[in-house]
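The values are calculated or read from the model by the stated rules, or taken from the named source; none is laboratory data. Bear in mind that the values here come from a model prediction, so they are computed numbers and not experimental data. Quick reminder, even Gly has a Cβ in these numbers, built from the backbone with ideal geometry, and neighbours come from all protein chains shown. Quick note on the areas: whole protein, heavy atoms, side chains included, nothing else; ligands and nucleic acids left out. Shrake-Rupley method; radii C 1.70, N 1.55, O 1.52, S 1.80 Å.
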Amino acid sequence: MRRVEGKKFCYLCMQEHEVEIVEIMECGEYKGEEIHYPASYEYCPVANEYLETESLLRSNRSSMKEAYHRSAVINAS
């Protein structure tokens, strides 16, 4: 998934331009379990790099916890 966030100052290339928000599947460990979850990052086409802002970090952490809880419910069934 990609969506344009709008024009803003990019901390990767230090320029103002339109920044895309991209969503990719991540794999992380939570409470000893490997969890797959969707994570969002800002993408800078100038630097060709991804940035996880503080708000995206919080959102991604919540996404990982939700995926863990969904997995726990499925495994308990």
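A few notes on this one:
- Of the residues in segment 19-34, not one is part of a helix (DSSP H, G or I), free of Cβ contacts under 8 Å to residues at least 12 places away in the same chain and either of a type outside the set (Ser, Thr, Tyr) or open to solvent by 100 Å² or more (accessible area, probe 1.4 Å) (or both).
- Residue under evaluation Pro38, criteria (1) touching a Phe, Trp or Tyr at 6+ places or on another chain (Cβ under 9 Å); (2) assigned to a strand (DSSP E or B); (3) open to solvent by 30 Å² or more (accessible area, probe 1.4 Å), criterion not met: (1)
- Qualifying residue in segment 48-71 (condition: basic (Lys, Arg), surrounded by 13 or more Cβ atoms within 10 Å (Cβ to Cβ) and either free of Cβ contacts under 8 Å to residues at least 24 places away in the same chain or in contact with a Lys or Arg (Cβ under 7 Å, 6 or more places away or on another chain) (or both)): yes
- Residue list for segment 1-46, restricted to those being small (Gly, Ala, Ser) and modelled with pLDDT of 95 or more: Ala39, Ser40
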